[in-house]
Amino acid sequence: MISSSPSTSSPWSIDLLLRCWQRLAAAVAGGVLLLLVAYLIAESLPALMRIGPLALLTDPSWHPLEGSFALLPMVMASVGIALLAMALALPLGLAIALFLTVYAGRRLRAIYVAMLELLAGIPSVILGFWGLVALVPVIARWQAPGTSLLAAALVLALMITPTIALLSHLVLRQAAQTHALTTAALALSHYAHIFRVVLPVAMPALASTALLALGRALGETMVVLMVAGNVVQFPASLTTPVRSLTANIALEMAYARQEHRSALFVSGLVLLLVAGGLYFLIARLQRGDKEQAPVESAA
Amino acid sequence: MHANPVADPAARFTGSNATGHSCAQSVPAADAAPALTLRDVTVAYHDRVVLRDVSLQLAVGRVTALLGPSGCGKSSLLQCCNRLSDLIDGCRVQGNIRVFGEDILAAACDLRRLRKRVGMIFQKANPFPLSIRRNIELPLIEHGVRDAQQRDHIMEKVLRDVGLWQEVRDRLQAPAQSLSGGQQQRLCIARALALAPDILLMDEPCSALDPIAGGRIEELIGELRGRYSIVLVTHNLFQARRVADDVALLWPMPDGSRLLEFAPRETIFSAPQHELTGLYLRGAMG
């Protein structure tokens, strides 16, 4: 479209200004990320040099004041909580997304989406609080003390389910609409449309949705801090109170000194590596997605 | 060119009941029942009438070009013929449409059977972003061809029909999107042919393709003539002149487009009944 605004009067200077501004913004965003990573590495180095990365894995316990820095139980706890939360939230979220895409009428869908958005918008501290006063006592009746890996996973699942449902719904709906006329013209059944066309086609995007949710679950601090129990130990069972990497940083950063402090930065670095790995995977998946469907993007 | 359209649809595949229904009643004869009959068809989206009182009779085995200015409802007319119009929000179809004598606007019409019988090719090639093989296989499985060997047989047959077999026989597992635009469109045609339709509705099948790929599709339409009754929406008058047996011209009026003229190609191009037809065909011919 040819604009009717008098931009021709000084196109050169406006363009230049715009270009400078954009470059500056991009440089700041990229620079902050680089600085952050550099800072994390710099702060982690003392621990990695003096304690050694092996000791972080093999030390018998986490007693930083006595020079014992076992991160492994907390890595296991973090991963365990996140995976269990995913195992609960993924089928639920996908089922909700399918329901919204396939079966819900327009009005029901609008109501549902609004509710999910509301649920997704609840601050995690409130979910954590609810978990602490409502969910933990229920688990405690079964297996004291109640604060546990299970409690954290349940609340986390509640937290990421709406995100998974909403994102998957968007993905599924787009695929369903794209192929609706084609499948109808070929007289494919509703079932075939959804399960043989839409789902296979949407799979890469659904996978990256799942990874996004996993990243969120791994990084969540407040919920886990409030309901997981914060005892540094290997998660022997579902009801074991555990401490995640994120909770560990939040709990101890205030008074940590020297190697202790550095060890906390190492746990931050580990988290960053895991999250970075996840995003790398997502990017790969999305690229694969585009390679598979270049026509979609060109149209 | 197959000037005399005689073909037995039942012989298209060895075992014509491969995909479930018999085509035997549609063997074309000079004065057999028309493939497609429209009587006083009016199409409206919500309250806006796009087509008014269109009546047409399409003979079996012929290629009918549907011409008209953009937005005059050619695609809408096409979509009524396989009831794809059902999927379009607020679309109402009135009148009478018969496919080989069967009233397809009736509530009792079996949509599955109808859409198998009346295949559709879209303007934009729309293979599923799955493998080439899967694109053909999926509709066949859905329509009850359980025998994998028979599916492979039909796949080879239809891919040969569209001239794609030599190009893809060694990479049937490759994603359909890895094909070129023209190849994708031919794959879509093969996919429609796999269901052994009697009628093919083609909505500007070449307009998104370069001239060479488009020319290949056009040739293909010529080859399919006689075996299928084809309705071809096109903006390309040269194309209409090259491939069509009959030409229908829709013309927009204030209260919805009407059928301005419907005649065999030679007649409509050389001696149009209507002044507008002559102007349109000549003007657009440059």
Check your understanding: Is there a residue in the stretch A:60-75 that is in a helix (DSSP H, G or I), under 22 Å from A:N230 (Cα atoms) and small (G, A, S)?
Key -> no
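This table checks each residue for (1) open to solvent by 20 Å² or more (accessible area, probe 1.4 Å); (2) within 24 Å of B:C109 (Cβ to Cβ).
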site: A:Q177; (1), (2): yes, no
site: A:A180; (1), (2): yes, yes
site: A:T183; (1), (2): no, yes
site: A:A192; (1), (2): no, yes
site: A:R196; (1), (2): yes, no
site: A:L211; (1), (2): yes, no
Check your understanding: Here are some conditions: (1) outside any helix (DSSP H, G or I); (2) more than 14 Å from chain B (Cβ to nearest Cβ); (3) in contact with a Lys or Arg (Cβ under 8 Å, 6 or more places away or on another chain). A:T239 meets all but one. Which one does it not meet?
Key -> (3)
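Looking at the stretch A:188-212 only, could you name the residues that are at the interface with chain B (Cβ under 7 Å from one of its Cβ atoms) and either in a helix (DSSP H, G or I) or at pLDDT below 90 (or both)? It would help to see each step written out before you state the result.
To start, the set of residues in the stretch A:188-212 that are at the interface with chain B (Cβ under 7 Å from one of its Cβ atoms) comprises A:188-189, A:192, A:196-197, A:200-201.
Once the filter is applied, which keeps residues that are at the interface with chain B (Cβ under 7 Å from one of its Cβ atoms) and either in a helix (DSSP H, G or I) or at pLDDT below 90 (or both), the stretch A:188-212 yields A:S189, A:A192, A:R196, A:V197, A:P200, A:V201.
From the list B:A208, B:A196, B:A176, which one is touching a residue at least 12 places away in the same chain (Cβ under 8 Å) and within 14 Å of B:K157 (Cα to Cα)? Can you show your working first?
Values: B:A208 fails: within 14 Å of B:K157 (Cα to Cα); B:A176 fails: within 14 Å of B:K157 (Cα to Cα).
That would be B:A196, the only listed residue that is touching a residue at least 12 places away in the same chain (Cβ under 8 Å) and within 14 Å of B:K157 (Cα to Cα).
Which residues, counting only those in the stretch B:66-93, are among the aliphatic types (A, V, I, L, M) and more than 14 Å from A:A180 (Cβ to Cβ)? Show your work before the answer.
Here is the first cut: in the stretch B:66-93, the ones among the aliphatic types (A, V, I, L, M) are B:66-67, B:77-78, B:84, B:87-88, B:93.
Selection gives B:L66, B:L67, B:L77, B:L78, B:V93.
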Practice item. Could you tell me whether any residue of the stretch A:218-239 is open to solvent by less than 20 Å² (accessible area, probe 1.4 Å), under 15 Å from A:L56 (Cβ atoms), touching a residue at least 24 places away in the same chain (Cβ under 8 Å) and over 18 Å from the mean Cα position of the chain (by Cα)? Key: no
Study note, to complete from the structure: Inside the stretch B:34-89, the number of residues satisfying the requirement of being surrounded by 23 or more Cβ atoms within 10 Å (Cβ to Cβ) and among the basic types (K, R) is 1
Point to revise | Selection within the stretch A:49-71 - open to solvent by 50 Å² or more (accessible area, probe 1.4 Å), of a type in the set (A, V, I, L, M, F, W, C) and touching a residue at least 40 places away in the same chain (Cβ under 8 Å) | key: A:L65
Exercise for review: Evaluate the stretch B:173-187: report whether one residue or more is modelled with pLDDT under 95, out of contact with any Ser or Thr (no Cβ under 7 Å at 6 or more places or on another chain), farther than 23 Å from B:F128 by Cα and among the small types (G, A, S).
Suggested key: no
Study note, to complete from the structure: Per the filter on the stretch A:72-111, residues crowded, with 22+ Cβ neighbours inside 10 Å and of a type in the set (S, T, Y) are A:S78, A:T101
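How about the stretch B:225-286: which strands (runs of 3 or more DSSP E) wholly inside it have at least 2 residues that are farther than 30 Å from B:A196 by Cα, open to solvent by less than 30 Å² (accessible area, probe 1.4 Å) and of a type in the set (A, V, I, L, M)? Even if it seems obvious, please write down each step before you answer.
On the way: elements: B:229-233, B:246-251, B:258-264.
Correct list: empty, since no element meets the threshold.
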Exercise for review: Could you tell me whether A:S124 is within 19 Å of A:V223 (Cα to Cα), touching an Asp or Glu at 6+ places or on another chain (Cβ under 8 Å) and among the polar types (S, T, N, Q)?
Suggested key: yes
Review point. Looking at the stretch B:91-109, which of its residues are in contact with a Leu (Cβ under 7 Å, 6 or more places away or on another chain), free of Cβ contacts under 8 Å to residues at least 60 places away in the same chain and more than 17 Å from B:D53 (Cβ to Cβ)?
Key: B:I104
Practice item. Inspect all residues belonging to the stretch B:110-128 and state whether any of them is in contact (Cβ under 8 Å) with a residue 12 or more places away in the chain, more than 20 Å from B:M253 (Cβ to Cβ), more than 13 Å from chain A (Cβ to nearest Cβ) and surrounded by fewer than 16 Cβ atoms within 10 Å (Cβ to Cβ). Key: no
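Yes/no per residue for (1) under 24 Å from B:G119 (Cα atoms); (2) within 14 Å of another protein chain (Cβ to nearest Cβ); (3) without any contact (Cβ under 8 Å) to a residue 12 or more places away in the chain:
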{"residue": "A:A151", "(1), (2), (3)": "no, no, no"}
{"residue": "A:A157", "(1), (2), (3)": "no, no, no"}
{"residue": "A:T161", "(1), (2), (3)": "no, no, no"}
{"residue": "A:H169", "(1), (2), (3)": "no, no, no"}
{"residue": "A:T178", "(1), (2), (3)": "yes, yes, no"}
{"residue": "A:L186", "(1), (2), (3)": "yes, yes, yes"}
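Filter the stretch B:129-142 down to the residues that are over 20 Å from the mean Cα position of the chain (by Cα) and within 11 Å of chain A (Cβ to nearest Cβ) and list them by number. Show your work before the answer.
So the first thing to find is which residues in the stretch B:129-142 are over 20 Å from the mean Cα position of the chain (by Cα), and the list is B:129-134, B:137-138, B:141-142.
B:P129, B:L130, B:S131, B:R134, B:E137, B:L138, B:I141, B:E142, listed by residue number.
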Practice item. Of the conditions (1) modelled with pLDDT of 90 or more; (2) within 20 Å of A:A87 (Cβ to Cβ); (3) not basic (K, R), A:L172 clears all except one; give me its number. Key: (2)
Point to revise | The one condition in (1) open to solvent by 10 Å² or more (accessible area, probe 1.4 Å); (2) in contact (Cβ under 8 Å) with a residue 24 or more places away in the chain; (3) within 15 Å of A:M74 (Cβ to Cβ) that A:L273 fails to fulfil | key: (2)
Check your understanding: In the stretch B:185-237, how many are within 11 Å of the chain's Cα centre (by Cα), aliphatic (A, V, I, L, M) and within 13 Å of another protein chain (Cβ to nearest Cβ)?
Key -> 7
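Is at least one residue of the stretch A:257-267 in a helix (DSSP H, G or I), at pLDDT 80 or above, within 18 Å of the chain's Cα centre (by Cα) and away from chain B (no Cβ under 14 Å)? Talk me through it step by step, then tell me what you get.
Taking the stretch A:257-267 first, the residues in a helix (DSSP H, G or I) are A:258-267.
Narrowing the set further to residues that are at pLDDT 80 or above leaves A:258-267.
From the residues that got through so far, the ones that are within 18 Å of the chain's Cα centre (by Cα) too are A:267.
Now restrict to residues that are away from chain B (no Cβ under 14 Å): A:267.
Looking through the stretch A:257-267, at least one residue is in a helix (DSSP H, G or I), at pLDDT 80 or above, within 18 Å of the chain's Cα centre (by Cα) and away from chain B (no Cβ under 14 Å).
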**Study point:** Restricting the stretch B:148-181 to residues that are loosely packed, with under 15 Cβ neighbours inside 10 Å and within 14 Å of chain A (Cβ to nearest Cβ), the residue that is nearest to B:G214 (Cα to Cα)
**Key:** B:S180
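The values are calculated or read from the model by the stated rules, or taken from the named source; none is laboratory data. If you're wondering where the values come from, they're calculated on a predicted model, not measured in any experiment. All Cβ positions, even for glycine, are placed from backbone atoms using ideal geometry, and neighbour counts span all protein chains on display. With ligands, DNA and RNA removed, areas are computed over all heavy atoms of the protein, side chains included. Shrake-Rupley method; radii C 1.70, N 1.55, O 1.52, S 1.80 Å.
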